[in-house]
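Chemist: Let me give you the structure first, and then I'll get to my questions.
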Amino acid sequence: MMAIPPSSEPGPAAAANPLPPWLKWGLLSSLWLVVSAVYALQVSAVGLLPWSGAVTLALLDWAPWIAFGPLALWLARKMPIGPKTWRWSLPAHLLACVLLVALMELTMSALSLRRDLLVPPPDRPNAAAVHPGPPEPLGAVRFAWLRILDRARTAVPVYWMLVAGAHALAHQRRSLERERRALHAEAGLAEARLSTLQAQLNPHFLFNTLNTIAHFVYTDPAAAEETISSLSELLRSALNAQQRREVALGEEIAFVKRYCEIQKARFGDRLEVCYEIAPDTLGAPVPALLLLPLVENAIIHGVARGPKPGAVFIRARHRAGRLVIEVADTGGGSGPANAKAGPRLDFREGVGLANTRARLAALYGGRQSFGLERAPEGGVLARVEFPLNPPPA
């Protein structure tokens with residue numbers, strides 16, 4: 001009768017939106033600028049270079065990573081190092097590291113910004129006397145090799161730290177994705193279980209109601225016609241809430257009142273239903289069809305079995321942020337005197353009560369409680385308690 005839609009709530013991994021690429025690049029750029037500033041402070045503090053020279057040297061060492069860092073991260077994503085890929089990805093990363101360091105140094109050399117910082121130029125007159133004309137080819141190659149080695153001293157560890165960081169982030173994303181899928185599968189199983197429980201509950205209710213109508217067909221056709229009309233209204237109300245797992249308590253009370261009208265048509269003056277509902281609980285969300293099996297159990301197994309008139313009491317109140325719902329009966333009209341039977345209850349839970357217990361456990365887990373005890377009125381008291389959300393105003 002009432003279907004439960006699949007849960008649309010995202011898991012913890014899905015709730016976090018990834019950062020846009022431009023913001024990621026901005027954060028990484030800020031990181032390298034901070035590293036450059038710290039490095040410049042260290043160089044300037046020990047007196048190796050003046051502040052301006054220290055800043056220039058720091059930027060030449062670390063600022064290139066603003067452009068080359070994303071390339072290293074991209075290579076780490078494209079060539080993951082794992083149990084099945086390390087035989088080709090590890091050599092590829094070694095080659096990529098060498099090429100990246102050489103490219104970085106060649107780029108900075110082309111800008112002609114680092115030579116004087118790395119190797120102070122000789123005195124111009126002496127240099128002209130000792131080295132007239134252009135430097136020898138062997139000297140230039142050796143100088144370039146020294147500069148590449150100097151660059152590799154810091155660039156190689158940074159490259160592998162970026163690769164390790166990219167792999168760690170990828171592993172974390174995969175773990176979060178597995179967790180999200182596990183939670184989604186668990187939620188799907190819970191939804192399927194709830195749907196099964198509710199599918200068992202609805203035919204159970206219809207079966208009992210149709211029995212009531214069949215009872216009137218031969219004994220009181222007018223009452224049978226009136227009961228069919230009430231059942232039609234009841235089914236219409238259920239269909240209106242078909243796509244909702246929860247309904248407001250006020251709507252659930254209205255639904256139960258229609259059901260009680262059908263039962264009063266059967267039992268007449270033998271049945272009285274009393275409502276003690278706190279006004280500030282009417283808007284509280286409750287599981288759809290929560291009260292129906294409790295009230296049905298009180299009427300069919302309580303009042304209907306006694307020879308005298310009886311009553312059913314439906315109560316709702318909030319207590320310490322929780323909603324407390326009670327359904328009690330007089331046990332066939334014998335009232336408090338029936339309490340002489342003692343607090344122990346001796347009956348088996350039917351389909352309705354068993355499904356109610358299972359639905360509450362599936363929806364609220366350990367945050368709910370559902371118990372049966374001897375009612376002060378003499379019959380059975382069913383008490384349901386779960387978190388009140390939203391809390392009363």
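Chemist: Identify, please: which residue in region 43-98 is among the polar types (S, T, N, Q) and free of Cβ contacts under 8 Å to residues at least 24 places away in the same chain and is, among those, farthest from Leu33 (Cα to Cα)?
Modeler: Among residues in region 43-98 that are among the polar types (S, T, N, Q) and free of Cβ contacts under 8 Å to residues at least 24 places away in the same chain, the one farthest from Leu33 (Cα to Cα) is Thr85.
Chemist: While we're on this one: Within region 225-258, track down each residue that is at pLDDT 85 or above and either among the hydroxyl-bearing types (Ser, Thr, Tyr) or not in a helix (DSSP H, G or I) (or both).
Modeler: Val247, Ala248
Chemist: Another question, then. Report, by residue number, each residue of region 353-374 that is aliphatic (A, V, I, L, M) and modelled with pLDDT of 90 or more.
Modeler: Leu372
Chemist: Quick check on region 46-74: of everything there that is assigned to a loop (DSSP other than H, G, I, E, B) and aliphatic (A, V, I, L, M), which residue is nearest to Leu31 (Cα to Cα)?
Modeler: Ala63
Chemist: If the Cβ limit is 9 Å and pairs must be 6+ apart or interchain, which residue in region 318-335 that is within 21 Å of Cys260 (Cβ to Cβ) and in the same structural domain as Leu294 (by TED's automatic domain parsing) pairs with which residue that is modelled with pLDDT under 90 and β-branched (Val, Ile, Thr)?
Modeler: Asp329/Ile299; Asp329/Val303; Thr330/Val303; Gly331/Val303; Gly332/Val303; Gly333/Val303
Chemist: Next question. The conditions are (1) modelled with pLDDT under 80; (2) more than 16 Å from Thr154 (Cα to Cα), and Asp61 fails exactly one of them. Which is it?
Modeler: (2)
Chemist: Just checking, which of Glu261, Glu246, Glu252, Glu276 is surrounded by fewer than 16 Cβ atoms within 10 Å (Cβ to Cβ) and touching a residue at least 24 places away in the same chain (Cβ under 8 Å)?
Modeler: Glu276
Chemist: Just checking, does region 323-333 include any residue being part of a loop (DSSP other than H, G, I, E, B), at pLDDT 85 or above and surrounded by fewer than 17 Cβ atoms within 10 Å (Cβ to Cβ)?
Modeler: no
The values are calculated or read from the model by the stated rules, or taken from the named source; none is laboratory data. What you are looking at is a predicted structure, and each value in this text was computed from that prediction instead of being measured. Methodologically, a virtual Cβ is constructed for each residue, glycine included, from the backbone with ideal geometry; neighbour enumeration extends over all protein chains shown.
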